[in-house]
Amino acid sequence: MRQIAAKVLRVVRNVLCVLAALLLLFLLVRFIGTRINGRTPSGGINESMYVEINGTKQWISIYGEDIDNPVLLYLHGGPGSSTSAFDYVFTRKWADVYTVVTWDQRNCGKSCEKGGDSASLTYDLMMDDGLAVTQYLIDYLDVEKIALLGHSWGTYYGCNLVLAHPEYYSCYIGAGQLVDMYENEVAFQEAAAEWAGNEEEALELLKALTPDRLTPSHFEAKNRLMEKYGYGMMRDGSDYSLPAAIIFNPYYSLADWIDYLSADPSVYMDFIVSDEFDRFSLTGRAEYTVPFYNINGDCDYQTNYQLAQNYFEEIDAPYKKLYMMEDTTHGLLESKSEAFSDILHEIAVQQNTIE
């Protein structure tokens with residue numbers, strides 16, 4: 001028995017040694033990768049910091065290859081769906097023509113305060129946050145205006161900021177444009193009914209759709225229907241390695257990951273179903289005093305691309321242009337990051353011509 005116990009002990013010890021070696025190797029590779037990604041380009045900028053915004057500390061990162069390039073603020077989707085875990089990979093593809101700022105909005109990502117932010121989310125609070133971040137960047141980076149790029153909820157948010165405070169923005173760029181939440185969900189219900197036909201499973205999911213009363217069950221059914229019929233946000237995966245982006249993220253520590261994974265999204269669900277969220281609707285609000293650009297996927301039913309196209313036709317702006325990416329769903333920033341970057345470069349050239 002003693003010999004068997006000794007053999008078991010040796011096996012366990014060897015396994016532990018192998019695991020420890022693998023862990024050390026992983027940590028070493030991660031250390032090297034994060035240091036490489038954390039470098040500052042010559043003549044450029046690579047900074048991250050917490051900024052005091054309306055009583056909370058909110059995280060931003062600033063990256064660009066030329067400090068004299070125009071500044072672009074990226075507004076992530078959700079609301080509450082921070083992309084800071086991996087977005088540096090696709091935003092840096094624009095960093096040769098823009099100084100790109102990414103921002104984790106309150107109570108999500110690296111802006112998720114320990115103990116949570118107890119403040120109820122309102123239209124005015126979110127608008128005040130956006131204005132404060134904008135003014136901070138203009139002052140900190142010593143520029144007169146910034147470009148604004150929103151994705152999904154970020155388009156709802158971004159349009160409202162540009163409509164309310166056009167003096168701070170050189171142009172608006174929307175990707176996966178949301179126009180009106182209620183109309184968006186009704187349009188999805190109609191599209192899904194066409195996909196489903198008489199299929200029993202799909203018909204059961206259709207019953208769970210409640211455009212006039214948004215619930216977690218509604219969004220779960222919506223996501224399942226999109227996945228079932230090939231319109232899921234990440235249908236095409238990504239054109240870069242998401243695991244590598246996460247592992248080699250120069251901005252995230254282990255503590256950041258713990259906070260990221262333990263965040264409570266309920267505050268944003270409460271926001272989505274509130275009357276305050278409805279105030280962001282863009283219905284009947286189409287007069288812009290800055291150039292207006294839209295980049296949408298022609299298979300995007302998360303934010304309905306046809307409603308976005310109809311809204312674009314109503315837009316009255318000094319300059320406007322619509323880009324429709326073929327065979328592309330809502331995840332255009334990740335699945336088509338190269339093609340998306342090409343469009344942003346074209347917009348940057350166009351903006352230089354206008355200015």
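Observations, loosely collected:
- Using alpha-carbon coordinates, inclination of helix 123-140 to the longest axis of the chain, degrees: 80 degrees
- Taking all protein chains into account, the per residue accessible area for region 287-355 stands at 43 Å² (1.4 Å probe).
- Probing with 1.4 Å while keeping every protein chain in the model, the per residue accessible area of region 177-227 equals 53 Å².
- For the chain, the Kirkwood estimate of the hydrodynamic radius, built from every pair of different alpha carbons, is 21.9 Å.
- Charge sum, other residues only, whose C-beta stays under 12 Å from VAL179's C-beta, Lys/Arg counted +1 and Asp/Glu -1: -4
- Region 88-165: trypsin sites (Lys or Arg not before Pro) falling in loop per DSSP and having at most 15 other Cβ within 10 Å: LYS114
- Think of the chain as a dipole: +1 on every Lys or Arg Cβ, -1 on every Asp or Glu Cβ, centred on the Cα centre; then among ALA245, TYR50, PRO211, ALA245 lies furthest on the positive end.
- Cβ-based net charge around LEU137, under 12 Å, with every Lys or Arg adding one and every Asp or Glu removing one: -3
- Largest GNM mean-square fluctuation among PHE188, PHE90, PHE219, using the chain with Cα springs under 10 Å: PHE219.
- Loop-located trypsin sites (Lys or Arg not before Pro) in region 33-75 (DSSP state not H, G, I, E or B) with no more than 13 neighbouring Cβ atoms inside 10 Å: ARG39.
- Using a probe of 1.4 Å, the accessible surface attributed to VAL143 totals some 40 Å² when neighbouring protein chains are kept in position.
- Descending semi-axes in whole angstrom, ellipsoid equivalent of region 145-199, from the Cα gyration tensor: 33, 10, 6
- With every protein chain in place, region 197-355: carbon and sulfur % of accessible area (1.4 Å): 51 percent
- Between 0 and 90 degrees, the angle of helix 216-228 with respect to the longest Cα principal axis of the chain falls at about 80 degrees.
- Per residue, the chain reaches -14000 deg cm²/dmol at 222 nm when only DSSP H runs of four or more residues are counted, each adding -39500 (n - 2.57).
- Spin-label pair ASN352/LYS321, simplified geometry with 7 Å Cα→Cβ offset, distance in nm: 1.3 nm
- Rounded to the nearest 10 degrees, the angle from helix 337-354 to the longest Cα principal axis of the chain is 40 degrees.
- Assigned charges on the beta-carbon of Lys, Arg, Asp, Glu; the chain dipole about Cα centre (debye): 2280 debye
- Cα gyration tensor category, rounded, prolate or oblate, for region 150-262 with a/c compared to 1.5: oblate
- Build a GNM of the chain with springs between Cα atoms under 10 Å apart, and of LEU28, LEU242, LEU141 the one that fluctuates most is LEU28.
- Packing-based ranking, highest mean first, of 149-157, 286-294 given that Cβ atoms within 10 Å are counted: 149-157, 286-294
- Magnitude of the charge dipole for region 164-256, about its Cα centre and with charges confined to Cβ atoms of Lys, Arg (+1) and Asp, Glu (-1), is about 220 debye.
- GNM result for the chain, Cα springs below 10 Å: residue of TYR240, TYR172, TYR301 fluctuating most strongly: TYR240
- A straight chain from HIS165 to GLN309 at 0.36 nm per residue would run longer than the Cα-Cα distance by 49.4 nm.
- Computed extension length for ILE67-GLU204: 43.9 nm, one decimal, from 0.36 nm per residue of separation with the Cα-Cα distance subtracted.
The values are calculated or read from the model by the stated rules, or taken from the named source; none is laboratory data. Since the model is a prediction, treat every value here as computed from it, not as a measurement. Neighbour counts are summed over all protein chains in view; Cβ atoms, including those assigned to glycine, are modelled from backbone coordinates with ideal geometry. Ligands, DNA and RNA are excluded from the accessible area calculation, which covers all protein heavy atoms including side chains. Shrake-Rupley method; radii C 1.70, N 1.55, O 1.52, S 1.80 Å.
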